[in-house]
Structures are given as C-alpha cells and as structure tokens.
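Okay, so here's the structure we're looking at.
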Amino acid sequence: MMHSWLAFVESNTSGTGRLFARAAAQKGFRPILLSDNPERYSYVSQDGVDTLTVDTQSESSLLHACRRLAADAGLAGVTSSSEYFVSTAARIARRLRLAGPSPVAVRECRDKFRQRRRLERAGVPMPAFRRATSIKSAVHAAQELGVPVIVKPVSGSGSVGVKLCVRLDEVGAHAAQLLNQRQNERGTPVPRRILVESVASGQEYSVETFDLKVIGITRKYLGPLPDFVEVGHDFPAQLSPDTAKAIESIAQQSLEALSLGWGAAHIELRLAESGPQIIEVNPRLAGGYIPELVRLARGIDLISETIVRVAGEQPELRSSCDDHTAIRFILAPGDGLLVEVEGLDQAQSIPCVTEVKLYSPPGTELLRRGDFRDRIGHVIARASTYEEAVKAADAAHKAVNLIIEPQEIFSNA
C-alpha cells in the first residue's frame, strides 16, 4: 500500500530542504517536491525524492497538483522549507483543510514593514523604522532617523539585500539597487517597497519556538559590516536567568502580536543596554543549521516535529540531553576559483567536532554577495560544556584553509 503524500512547495537551498524530505520519509510519508525546476535541488536526484513540475507562482496550479495527489494516495500535508513559499504553502493547506498556520498571519509577518507596524502597535521594543517606495523617500527616511541606517527589502531572507549605510549617498545607491529589482534570487517577484531602520546595538540572538513554547536561545555571530552575513551560532546561548527570561518574554510577546503560534518560529533580536529589541520575526524554522544544533544539544528534532505538526498530529518536544553545540561557517575569502581546500581531515580530528562539511567542491567559481550564499561549508562541534563546544568549533574552523585563484586570473584565461 502506498503511503500518503506529503508535499513540499519548493525547498530551502542550504540544507534544510533535504532534511525535511528525509524526515517525512522517516515518519512514514512519501515526500514529493512541487517545483517549477526540480533540478535546482541536487538532493532530489541523490535521495530519490519524487517531484512534480508545477508553476509554483500560480496558486491555482499548486492547488490542482495537490488535489491530484490527494486523489492518488492521499495527501497528509503541505508545507515548505523555503521562507519565500511558506505563505503560499499555508494558503494551499487552508484551501485543502489540512493542518497549517494562519495564512493571513504568515503573509503579514513575511512583509517586514507590516510586521513592524503590528509589533509597534503591541508595544514591542524594536529599532525605529520607515517604509520607502523611492530613492527620495529612502534618503528622507534616513535623514529623519539619522545615519547610519540599515536598508533592506521588505520580503527578503538570508540577509540578502541587507546593508548598513553610513552616508546618505550610500542610502540612495542601495535603495536604487533594491527598488530596481523585479525578482529575488529565487525568481519570485519582489514588492517595490523597502525598509529603512535605525541600527540596533548589542549582541545578536535568536529565539527558537514551537507552538509558542520557547525551545532555546541561540547566540549569533555576524561577519564584517556593511553586510550581515551570519558566520556562526552557539546553542544554547550562555545568559543569566534574568536576561534569558527577558528575551523569552519579548519573543512570546512578538508571536502573540503577530497572531503566530502554530509550529516553528525564529525570532531575531539584539540585546541593547535598554533590553532586548526585536530585529525580525520569521514564521518558519530557523535556517543556518540551527535545527541541527538544537537536535544535537537537546535531542529535540524540530524538523521531524514540524512534519508531525504539518500532518495534523501532536508533536513531542521533550529534551533528552543537555549538551552544547556550535557551528562556524566557512566563507569564501574572495572572488575566484576554488582550487583546493586544506585541513578538512585535521578539522574533523579535533575532539568534539561532529561534522565538517563543504558545500562547494574545488573547481567552483566563487563570487561573494554579502549574504548567506557566501557560506561554502561549515564545522559543527558538540560538547558537555559551552566552552568546549565553542573552542572546538573555532579550532576546526581555523584549521580549514581555502586556496583561491583570483577572479582576474581565470576570467582572462
């Protein structure tokens, strides 16, 4: 007897999508990827995941495809591991009377300006902000807020298009770049609106939640400005009880203000002198392999529990261990051809290191973009103490050396 289908609308490109499909299969479902270009995801052929080519920009086409699956062997659920398609998946699930978050709440949350307006009305602390629809209005917003400011898309993901601007001419130039875009890196149309924000100071953290329950707090590391590339995470973060309580409180306040609370959410914030300030709320599971850090440290598999929730069942969120984890991302040091990677075996041999992974093999042409796509690998460490995990991850990261042939050399060859 064929198992029921569990449909994924497109996929995350940085690893989680593969884990979602595997988790669905492990839970007894038959995962199927609905995509306008299934070949975009290498894991699909490698893992033998079923696919259905469909226009994922068309809700009617997706709905028709899902009804065909339901008539075939039954459809247990519809979801997406890609932030760009979580709203679409929520609408399809609701149309089919399947389990899922509120489509309206997800849509409102995905628009960072609308999200901020709702948080503001609820009294949630956050940086001052303005919406801009032109270069002139972006510069005016920056003048009102006072430079430096952060300029970013209202519907981006993975730090794509997020930039610190310290002068008004930089604001204008970056605003022009964003406003001239018609599609994002996934080919999805983008709104002709951007966000201009004051800069929040302090260490950055994220809160991982599930059904309004706080699973844990992650410490985040960022690369050099003016970009905001996440270069590492520690889980759980080392915080005083009072600080942790304040962070958890503002996270739950944010979810309630946004009418979220179904399944996983990922809330990013800065710990300013005045207390935590919300940077943004994401109505989806965290990226950056944070779910894997949580699984290793606490024994809670957020990906599997999401599959359970999508299928309409009740997840179990009980911790089975009390360890510490850290991930450090390997980033391209410059543009060029990746000729060789040294030190992988040395990194793997360091005590407490559980994984050393390279996404881009030698022979790959690297181009820095100032977002998550600059990450070409990672190392993960797990230990019984925070200090051991961090020390091992840092040592493994330091052991890896990339040999790059500069862009100018091979582009003229």
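The values are calculated or read from the model by the stated rules, or taken from the named source; none is laboratory data. Treat the numbers as computed from the prediction; the structure is a model and nothing was measured. As a convention, Cβ positions derive from the backbone with ideal geometry for all residues, glycine included, and neighbour counts pool all protein chains shown. Ligands, DNA and RNA are stripped out before the accessible areas are found, and what is left, the full protein with its side chains, is counted by its heavy atoms. Shrake-Rupley method; radii C 1.70, N 1.55, O 1.52, S 1.80 Å.
Details
- Tensor-based shape of the stretch 1-62 (alpha-carbon gyration tensor, a/c under 1.5 rounded, otherwise prolate or oblate): oblate
- Viscosity 1.567 mPa s, 4 °C: Kirkwood-radius Stokes-Einstein D of the stretch 152-218 over Cα pairs, µm²/s: 91
- Kirkwood-type radius of the stretch 168-255, with distances r between different C-alpha atoms, in Å: 16.0
- The chain: most fluctuating residue of 236, 31, 333 per GNM, C-alpha cutoff 10 Å: 333
- Convex hull of Cα atoms in the chain, direction-averaged projection (nm²): 20.7
- Full-stretch length increase - residue 359, residue 384 - with 0.36 nm per residue and alpha-carbon distance subtracted: 6.2 nm
- Net +/- balance of residues flanking residue 277 in space, Cβ distance below 13 Å, scoring K and R +1, D and E -1: -4
- q = 0.19 Å⁻¹, the stretch 1-106: log10 I(q)/I(0) [Debye, one scatterer per Cα]: -0.90
- Tensor-based shape of the stretch 229-272 (alpha-carbon gyration tensor, a/c under 1.5 rounded, otherwise prolate or oblate): oblate
- Here the scattering of the stretch 225-302 is modelled by Debye summation over its C-alpha atoms, one equal scatterer each and no solvent; at q = 0.14 Å⁻¹ the log10 of I(q)/I(0) is -0.53.
- Top of 11, 274, 155 by mean-square fluctuation, Gaussian network on the chain, Cα under 10 Å: 274
- Percent carbon-and-sulfur accessible area, the chain, ignoring ligands, DNA and RNA, probe 1.4 Å: 47
- For the stretch 9-27 versus the stretch 166-204, the inter-centroid distance based on Cα atoms is 29 Å.
- Normalised by the number of residues in the stretch 229-354, the average gap of Cα pairs under 8 Å and 6 or more apart makes the relative contact order 26 percent.
- Translational diffusion of the stretch 302-390 was estimated from the Stokes-Einstein equation, with Rh taken as the Kirkwood radius over Cα pairs; at 37 °C and 0.692 mPa s the coefficient is 209 µm²/s.
- Here's how it looks for residue 160: its modeled amide H is under 5 Å from those of 372, which are all 5 or more places away or on a different chain.
- With contacts taken as Cα pairs under 8 Å and at least 6 residues apart, the chain reaches a relative contact order of 13 percent.
- The slack in the chain from residue 272 to residue 221, taken as 0.36 nm per residue of separation less the alpha-carbon distance, amounts to 16.8 nm.
- The alpha carbon convex hull volume per residue for the stretch 285-351 rounds to 134 Å³.
- In terms of distances greater than 26 angstrom between alpha carbons, the cross-link table entries 163/391; 220/357; 112/136; 220/398; 220/391 yield 163/391.
- This model, with +1 at the C-beta of Lys and Arg and -1 at the C-beta of Asp and Glu, gives the stretch 284-388 a dipole about its Cα centre of some 340 debye.
- Annotation: amide H of residue 56 within the under-5 Å range of 36, sequence separation 5 or more or interchain, hydrogens built in the peptide plane.
- Heavy atoms of the protein chains alone define the surface here; on that basis the chain has 44 Å² accessible area per residue at 1.4 Å probe size.
- For the pair residue 95 and residue 3 in one chain, pulling the backbone fully straight at 0.36 nm per residue adds 30.9 nm over the alpha carbon distance.
- Rounded to the nearest 500, the helix-only mean residue ellipticity at 222 nm of the chain stands at -10000 deg cm²/dmol, with each DSSP H run of n ≥ 4 adding -39,500 (n - 2.57).
- Residues with amide H under 5 Å from that of residue 232, placed H, sequence gap 5 or more: 221, 329
- A dipole drawn for the stretch 1-140 from +1 and -1 charges on Cβ atoms has a positive end, and of 29, 135, 90 the residue lying farthest that way is 135.
- Rounded, prolate or oblate (a/c below 1.5 giving rounded, otherwise prolate when a/b exceeds b/c) for the stretch 93-202 by Cα gyration tensor: oblate
- P(r) weight above 22 Å for the stretch 145-301, C-alpha pairs, percent: 46
- Of 169, 374, 55, the one that fluctuates the most in a GNM where the chain has Cα springs shorter than 10 Å: 169
- For the stretch 28-45, 3J(HN,Hα) per residue [Karplus equation, 6.51 cos²θ - 1.76 cosθ + 1.60, θ = phi - 60°, Hz, x = Gly/Pro]: x, 9, 10, x, 9, 9, 9, 8, 7, 8, x, 5, 5, 10, 5, 5, 4, 6
- Only the Cβ atoms of Lys and Arg (+1) and of Asp and Glu (-1) were treated as charged; on that basis the dipole of the chain about its Cα centre amounts to roughly 1600 debye.
- The HN-Hα couplings worked out from phi for the stretch 343-356 by the Karplus form 6.51 cos²θ - 1.76 cosθ + 1.60 (θ = phi - 60°) are x, 5, 5, 4, 5, 5, 7, 5, x, 6, 7, 9, 7, 10 Hz, whole numbers, x standing for Gly and Pro.
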